[in-house]
Amino acid sequence: ETEAAGGRRCCGRCAEGAALRWCITGALCASFLGLGMSIAVLGPTFPNLAANVGKNVSDMYYIFVGRSLGFLGGSVVGGVLFDCMNAALLLALSMLGTTAGLFVIPWCKESLLLTILMSVIGGSMGILDTGANVLTLNTWGSESGPHMQALHFSFAAGAFLAPILAKMALGGSESQELAGAEKTKQSVLKSVPTASATSTAPALEDHHDGDFLWSYIIIGTYILLVSIFLFALYSKSTSARDKAKGSAQKGRLAKYHWSLVGLLFVFFLFYVGAEVTYGSYVFTYAMIFAEMTESEAAALNSVFWGAFAICRGAAIFGAAFLSPATMIVISLVCSAASSSALAFFAHYRALLWAGTAVYGASMATVFPSGISWIEQYTVIEGKSASLFVVGGALGEMCIPAAVGYLQGRFHHIPVLTYAALVTSIMTVLLFPMMYKLANVPQENDLKEVSDSETRTALLTNSRLTEDEEEEEDVREWNDADFEVIEMNDKLKNSVTDTSLRIPRDSPAEVSLQPHLDNVLGDPPAVTGGSPGRQNGNVDWEKSE
């Protein structure tokens, strides 16, 4: 009965732990859905915000800079805080900060205050982005692949839903193109809207001045509910378990941990920069270099983000069967092939459409697979994860800006497609370097291997010594046997010779008889004579 009760308690704890892990994963996916919506909602409502503060759209670029700086700062601060406080609590607080900013933004009438609010929201997003990845790794460990893919797919779904929600709040206004284009997770620095958006701003101010605020209120309310759920998870704190797990994992840091983290930082910089650059400029490229109409260019843009979202959703199931390294290799090969086709054969319409779709699909799984891959070789804590997020954010800011600058200098060269090819080559070169560095054995592993080889050699030598001793004993026994056999043969020969030299009834026979009986062990052959012969011998002795 005691064993059965213990078994039931153990099963109950296991079931409770599994349920808690799934609750944490659901909360993180819900928070990333809100993160995607809060980032993507700014694009469709940007003219309304400009009208609220009495500025032109072209003069509002600094709010994107403010949000970008806040995102970078939040990623760094979050990486430090996650190593010293409860993860669920920190995520809940960051979600509350995002909620407060979204509730206040629609009523903001000062451009400086709007920039500060954007910075606060960016900082909260940076904390959430860093912490959710770390908490997913801590929750699932080596099984985090599908859950990491689901986490980032939730962001893509939120970015898809935000423009639709904004369009509903604006009453179907046609001032913004709401094709539902996907945004990336680190979409914190956007291009300044075009003049067409500026020209429609007065119409928005006249007819939909207050309608856009409902999109912010709805998204803010949703994020508030998610933060409350995270506070509930905090009541079932797992900080003790996380600390124990972290202390147990400290011994398996990679030999070149920070070099590996630095290479992945650069890897994400090129990857995210390429993703955002192509998604931002493919519309303009299609109209200028491919001579497409506006509707065709918008469709090409939607193909890129649509393939991105579909492949990220499919990766949730693919990660259950494929290792992160395999998924990264497949993505890099597809990215290199599609970017090469776009760079050299984009003048063929079919290749342009196919290359865009494959390029978008190849971008979908790299970021979550990269985090899952490096977790197999070293410990990923808050500081390491913050570097990955910062690398992606820097790539998103720097590479699109560089491509835009170069395209302005070289009007007749399709800089976008060549930039896609260059970034693909860089990622293809970086991953083998990271793989080689990650598989360098640690000093402890080398010592264990050396000790194992030493023990094996000693055991082998001891076995050889024992075998040699046994063989030596066998040889000694064989030599002794041969000596005995030779001695017996000599004795037999000597007896035979003596018997031939001495007469049949010689007295020597009597003296030799006991010796033969003892040595040859065959007394009947010699003494087994008849009584008559014995009597004859006696009579002969008497006659003597």
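Suppose we filter Thr99, Thr139 for residues that are of a type in the set (Val, Ile, Thr), modelled with pLDDT of 90 or more and open to solvent by less than 20 Å² (accessible area, probe 1.4 Å); which single one remains?
Numbers: Thr139 fails: modelled with pLDDT of 90 or more.
Exactly one residue qualifies, and that residue is Thr99.
Please enumerate the residues belonging to the stretch 104-122 that are within 22 Å of Leu387 (Cβ to Cβ) and either in contact with an Asp or Glu (Cβ under 7 Å, 6 or more places away or on another chain) or open to solvent by 10 Å² or more (accessible area, probe 1.4 Å) (or both). Matches in the stretch 104-122: Ser119 only.
Are any residues in the stretch 373-382 open to solvent by 10 Å² or more (accessible area, probe 1.4 Å) and of a type in the set (S, T, N, Q), and if so, which ones? Listed by number, the list holds a single entry, Gln376.
Looking at this structure, is Ala319 out of contact with any Phe, Trp or Tyr (no Cβ under 7 Å at 6 or more places or on another chain), buried (at least 22 other Cβ atoms within 10 Å of the Cβ) and of a type outside the set (Ser, Thr, Tyr)? Considered against the rule, which asks whether it is out of contact with any Phe, Trp or Tyr (no Cβ under 7 Å at 6 or more places or on another chain), buried (at least 22 other Cβ atoms within 10 Å of the Cβ) and of a type outside the set (Ser, Thr, Tyr), Ala319 comes out as yes. Answer yes or no as to whether Val303 is touching a residue at least 24 places away in the same chain (Cβ under 8 Å), surrounded by fewer than 23 Cβ atoms within 10 Å (Cβ to Cβ), within 26 Å of the chain's Cα centre (by Cα) and assigned to a helix (DSSP H, G or I). So Val303 does not fit the description; no.
Answer yes or no as to whether Gly313 is of a type outside the set (Val, Ile, Thr), in the same structural domain as Val366 (by the TED database) and touching a Gly at 6+ places or on another chain (Cβ under 9 Å).
Answer is no for this residue.
For the stretch 368-412, taking the residues that are among the aromatic types (Phe, Trp, Tyr) and modelled with pLDDT under 90, the one that is farthest from the chain's Cα centre (by Cα) is identified as Phe410. Applying the selection to the stretch 52-79, what residues are modelled with pLDDT under 85 and aliphatic (A, V, I, L, M)? Matches in the stretch 52-79: Val53, Val57, Met60, Ile63, Val65. Residues in the stretch 413-440 that are over 30 Å from Phe345 (Cβ atoms) and open to solvent by less than 60 Å² (accessible area, probe 1.4 Å) were compared, and the one that is modelled with the lowest pLDDT is Val440. Could you please find all residues in the stretch 28-61 being over 36 Å from the mean Cα position of the chain (by Cα) and in a helix (DSSP H, G or I)? Across the stretch 28-61, the qualifying residues are Thr45, Phe46, Pro47, Asn48, Leu49, Ala50, Ala51, Asn52, Val57, Ser58, Asp59.
Do the conditions hold for Leu49, that is, is it open to solvent by less than 10 Å² (accessible area, probe 1.4 Å) and not aromatic (Phe, Trp, Tyr)?
Values: open to solvent by less than 10 Å² (accessible area, probe 1.4 Å): yes; not aromatic (Phe, Trp, Tyr): yes.
Spelling it out, Leu49 is indeed open to solvent by less than 10 Å² (accessible area, probe 1.4 Å) and not aromatic (Phe, Trp, Tyr).
When the residues of the stretch 145-159 are filtered to those that are of a type outside the set (Phe, Trp, Tyr) and open to solvent by less than 10 Å² (accessible area, probe 1.4 Å), the one that is modelled with the lowest pLDDT is Ala159.
Report yes if some residue within the stretch 114-131 is part of a loop (DSSP other than H, G, I, E, B) and in the same structural domain as Ser31 (by the TED database); otherwise report no. No.
It is to be established whether one or more residues within the stretch 391-399 are within 30 Å of Ser142 (Cβ to Cβ), acidic (Asp, Glu) and open to solvent by 30 Å² or more (accessible area, probe 1.4 Å). Reasoning before the result, please.
Of all residues in the stretch 391-399, those within 30 Å of Ser142 (Cβ to Cβ) come to 391-396.
Now drop any that are not acidic (Asp, Glu), which leaves 396.
After this cut, where a residue has to be open to solvent by 30 Å² or more (accessible area, probe 1.4 Å) as well, the list is none.
No, there is no match, as no residue in the stretch 391-399 is within 30 Å of Ser142 (Cβ to Cβ), acidic (Asp, Glu) and open to solvent by 30 Å² or more (accessible area, probe 1.4 Å).
Looking only at the stretch 190-204, decide whether some residue is modelled with pLDDT of 50 or more, part of a helix (DSSP H, G or I) and open to solvent by less than 10 Å² (accessible area, probe 1.4 Å). Steps first, answer last, please.
Here is the first cut: in the stretch 190-204, the ones modelled with pLDDT of 50 or more are none.
For the stretch 190-204, residues modelled with pLDDT of 50 or more, part of a helix (DSSP H, G or I) and open to solvent by less than 10 Å² (accessible area, probe 1.4 Å): absent.
Taken over the stretch 339-365, the criterion of being of a type in the set (Val, Ile, Thr) and either surrounded by fewer than 23 Cβ atoms within 10 Å (Cβ to Cβ) or in the same structural domain as Ser144 (by the TED database) (or both) is satisfied by Val358 alone.
The values are calculated or read from the model by the stated rules, or taken from the named source; none is laboratory data. Keep in mind it's a predicted model, so treat the numbers as computed, not measured. Here Cβ is always computed from backbone atoms with ideal geometry, including for glycine, and neighbour counts include all displayed protein chains. Surface accessibility is based on the protein's heavy atoms, side chains included, excluding ligands, DNA and RNA. Shrake-Rupley method; radii C 1.70, N 1.55, O 1.52, S 1.80 Å.
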